[in-house]
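Since the structure comes first, as structure tokens, the remarks are kept for the end.
Nothing in this text is a laboratory measurement; each read-out follows from the coordinates by a stated rule. This structure is a prediction, so every number in the text was calculated from the model and none was measured. Every residue, glycine among them, receives a Cβ derived from its backbone with ideal geometry; neighbour counts consider all protein chains shown.
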Amino acid sequence: MDVTKMLTELRQENEQIEEAILTLERLARGRGKRRGRPPAWMTEIKRRGRPPGSKNKPKTEARSAAAKTAVTAA
């Protein structure tokens, strides 16, 4: 193989790698807190409704509590 051709190819690869490194470093630095609406893929992840551990009791506990009060009142 031609050594000069190999060297030019390696130098080109080296330049591409350096550009990729710079791009990743810029991304890692970030731009601080983003403003505005989140992207669509992010909103799909969010769960809707009450968070777990909210004050409302599950239906089974609410029914048993209502049954107990009905029995004690009678």
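How much length is gained on full extension from Arg35 to Leu7, taking 0.36 nm per residue of separation minus their Cα-Cα distance?
Computed gain between Arg35 and Leu7 is 5.5 nm.
Compute the signed sum of charges (Lys and Arg +1, Asp and Glu -1) over the other residues within less than 15 Å, Cβ to Cβ, of Ile21.
Values: positive: Arg26, Arg29; negative: Glu13, Glu15, Glu18, Glu19, Glu25.
Here the charged neighbours net out to -3.
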